[in-house]
Amino acid sequence: MIKNTLRGLVAAALVVLPLAAVPPAHPAETVDLAVAVVRLLLGTESGEGYQRTSFQ
């Protein structure tokens with residue numbers, strides 16, 4: 001009986017908990033592709049730690 005009760009509680013939790021999810025604090029920003037590309041940060045390339053023999 002206890003096993004069945006626990007199974008029922010788990011099943012109920014799986015149904016109810018997704019409904020109680022908190023909405024995001026703010027909606028995602030939508031921008032044009034050109035604007036998004038301009039906003040990308042550029043980094044410097046580094047070969048530090050690279051060893052060609054590691055990939056053979």
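The values are calculated or read from the model by the stated rules, or taken from the named source; none is laboratory data. None of these values were measured; they are calculated from a predicted model. Cβ placement follows ideal geometry from the backbone for every residue including glycine, while neighbour counts extend to all protein chains displayed. Surface areas here come from the heavy atoms of the whole protein model, side chains and all, with no ligands, DNA or RNA. Shrake-Rupley method; radii C 1.70, N 1.55, O 1.52, S 1.80 Å.
Computed quantities for the displayed model
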| item | result |
| --- | --- |
| Complete set of residues in region 7-27 that are open to solvent by 100 Å² or more (accessible area, probe 1.4 Å) and assigned to a helix (DSSP H, G or I) | 7, 9, 14, 17, 19 |
| Residue check, residue 34 surrounded by 10 or more Cβ atoms within 10 Å (Cβ to Cβ), out of contact with any Asp or Glu (no Cβ under 6 Å at 6 or more places or on another chain) and not in a loop (DSSP other than H, G, I, E, B) | no |
